[in-house]
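Trainee: Below is one structure. I have some questions about it.
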Ligand code: NDP
């Protein structure tokens, strides 16, 4: 299927690892011009070198920008760089973020504020900064990388669950406000092996356990119906589908990519 990304400009937040990096790869392979951003410049540079090594980067198809997407000044600067380099943008993938482990009793006010700030402003600020450019495109769309926790909360991730539910609600509101010019959809992710899980693997109790054994045990423990952890590429494929004009009659929708974990109908 031709996803029709040829020469289209796509901004991917949190593009230096995991789901974001897999999405950048897929978009470059599809012929898009990609803007990738994250906070840690060295990590971002390493990801760009990997893209170069795999032959996906050419002289004029990739711009890497250091940006904290929760910061208004930095997201405005990001939008300026996109305009200066590529003249505009057709697609925004709001992917940057991470989860927080805490129960109600262990979540402090500072945790609540930090989590709500990350989950909401990581959508609000890049969207506000890039919306004028998206409105100039004849096939504009936004994809938000959200979590299954938005629909199926977990007691051990209480503030992430609440923040994710508010993002699901926000995306629906934006879909009405932005239509028909800009489509916006989300993917609801769970149990995908990415940078976040690399960090948890490093902190595992049984240091004898290999990565494969640890991932298998995790899938069993979490009772994932597809009986394995997901791959970042499997989320990237869903993101690219929703971002592409081939899903042109879809807005305000959310697609679960969670190995079947959802109990909802
Ligand atoms: P990774 O840790 O591999 O990637 C996260 C990316 O986001 C990195 O590039 C990181 O770079 C960047 N990032 C984090 N905070 C910011 C910020 N404030 N501004 C700019 N960039 C930022 O994890 P995933 O690929 O798993 O995460 C992608 C998204 O998927 C996240 O929103 C996550 O919450 C969501 N998700 C993932 C699940 C999973 O099972 N993997 C489950 C549910 C949701 P840097 O730190 O250098 O800024």
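The values are calculated or read from the model by the stated rules, or taken from the named source; none is laboratory data. Everything numeric in this text was worked out from a predicted model, so none of it was measured. Positions of Cβ are generated from backbone atoms using ideal geometry, with glycine treated the same way; all protein chains shown enter the neighbour counts.
Trainee: For region 63-86, how many residues are touching a strand residue (DSSP E or B) at 6+ places or on another chain (Cβ under 8 Å) and part of a loop (DSSP other than H, G, I, E, B)?
Mentor: 2
Trainee: Identify, from the list 238, 202, 253, the residue that is within 16 Å of the ligand (Cβ to nearest atom) and in contact (Cβ under 8 Å) with a residue 24 or more places away in the chain.
Mentor: So the residue among 238, 202, 253 that is within 16 Å of the ligand (Cβ to nearest atom) and in contact (Cβ under 8 Å) with a residue 24 or more places away in the chain is 238.
Condition check ((1) assigned to a helix (DSSP H, G or I); (2) over 24 Å from the mean Cα position of the chain (by Cα); (3) surrounded by 13 or more Cβ atoms within 10 Å (Cβ to Cβ)) across all residues:
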| position | (1), (2), (3) |
| --- | --- |
| 196 | yes, no, yes |
| 204 | no, yes, yes |
| 209 | no, yes, yes |
| 213 | yes, yes, no |
| 219 | yes, no, yes |
| 227 | no, no, no |
| 235 | yes, no, yes |
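Trainee: Residue 163: over 22 Å from residue 240 (Cα atoms), surrounded by 15 or more Cβ atoms within 10 Å (Cβ to Cβ), within 14 Å of the ligand (Cβ to nearest atom) and modelled with pLDDT of 95 or more, yes or no?
Mentor: Details: over 22 Å from residue 240 (Cα atoms): yes; surrounded by 15 or more Cβ atoms within 10 Å (Cβ to Cβ): yes; within 14 Å of the ligand (Cβ to nearest atom): yes; modelled with pLDDT of 95 or more: yes.
Against the criterion (over 22 Å from residue 240 (Cα atoms), surrounded by 15 or more Cβ atoms within 10 Å (Cβ to Cβ), within 14 Å of the ligand (Cβ to nearest atom) and modelled with pLDDT of 95 or more), residue 163 qualifies.
Trainee: Here's a follow-up. Within region 139-157, does at least one residue satisfy the condition of being over 24 Å from residue 31 (Cβ atoms), touching a helix residue (DSSP H, G or I) at 6+ places or on another chain (Cβ under 7 Å) and part of a helix (DSSP H, G or I)?
Mentor: Yes, the conditions are met somewhere in region 139-157.
Trainee: Hey, another quick one. Does region 246-261 contain any residue that is over 26 Å from residue 27 (Cβ atoms) and modelled with pLDDT of 95 or more?
Mentor: yes
Trainee: Tell me whether region 93-109 contains one or more residues that are buried (at least 24 other Cβ atoms within 10 Å of the Cβ), assigned to a strand (DSSP E or B), under 16 Å from the mean Cα position of the chain (by Cα) and at pLDDT 95 or above.
Mentor: Taking every residue of region 93-109 in turn, at least one turns out to be buried (at least 24 other Cβ atoms within 10 Å of the Cβ), assigned to a strand (DSSP E or B), under 16 Å from the mean Cα position of the chain (by Cα) and at pLDDT 95 or above.
Trainee: What single numbered condition from (1) touching a residue at least 40 places away in the same chain (Cβ under 8 Å); (2) within 16 Å of the ligand (Cβ to nearest atom); (3) out of contact with any strand residue (DSSP E or B) (no Cβ under 8 Å at 6 or more places or on another chain); (4) part of a helix (DSSP H, G or I) fails to hold for residue 172?
Mentor: Of the numbered conditions (1) touching a residue at least 40 places away in the same chain (Cβ under 8 Å); (2) within 16 Å of the ligand (Cβ to nearest atom); (3) out of contact with any strand residue (DSSP E or B) (no Cβ under 8 Å at 6 or more places or on another chain); (4) part of a helix (DSSP H, G or I), the odd one out for residue 172 is (2).
Trainee: Could you tell me which numbered condition residue 55 fails, if it satisfies all but one of (1) part of a loop (DSSP other than H, G, I, E, B); (2) on the phi < 0 side of the Ramachandran plot; (3) free of Cβ contacts under 8 Å to residues at least 24 places away in the same chain?
Mentor: (2)
Trainee: Is there any pair linking a residue in region 100-126 that is over 30 Å from residue 178 (Cα atoms) to one that is part of a loop (DSSP other than H, G, I, E, B) and within 15 Å of the ligand (Cβ to nearest atom), with Cβ under 8 Å and at least six apart or on different chains, and which?
Mentor: Filtered contacts from region 100-126: 101/156; 102/156; 103/156; 111/100.
Trainee: Shifting gears a bit: For region 6-46, how many residues are under 16 Å from residue 140 (Cα atoms) and in contact with a strand residue (DSSP E or B) (Cβ under 8 Å, 6 or more places away or on another chain)?
Mentor: Summing the residues that are under 16 Å from residue 140 (Cα atoms) and in contact with a strand residue (DSSP E or B) (Cβ under 8 Å, 6 or more places away or on another chain) in region 6-46 gives 11.
Trainee: What do you reckon, is residue 186 outside any helix (DSSP H, G or I) and either in contact with a strand residue (DSSP E or B) (Cβ under 9 Å, 6 or more places away or on another chain) or away from the ligand (no atom under 12 Å from the Cβ) (or both)?
Mentor: Details: outside any helix (DSSP H, G or I): yes; either in contact with a strand residue (DSSP E or B) (Cβ under 9 Å, 6 or more places away or on another chain) or away from the ligand (no atom under 12 Å from the Cβ) (or both): yes.
Yes, satisfied.
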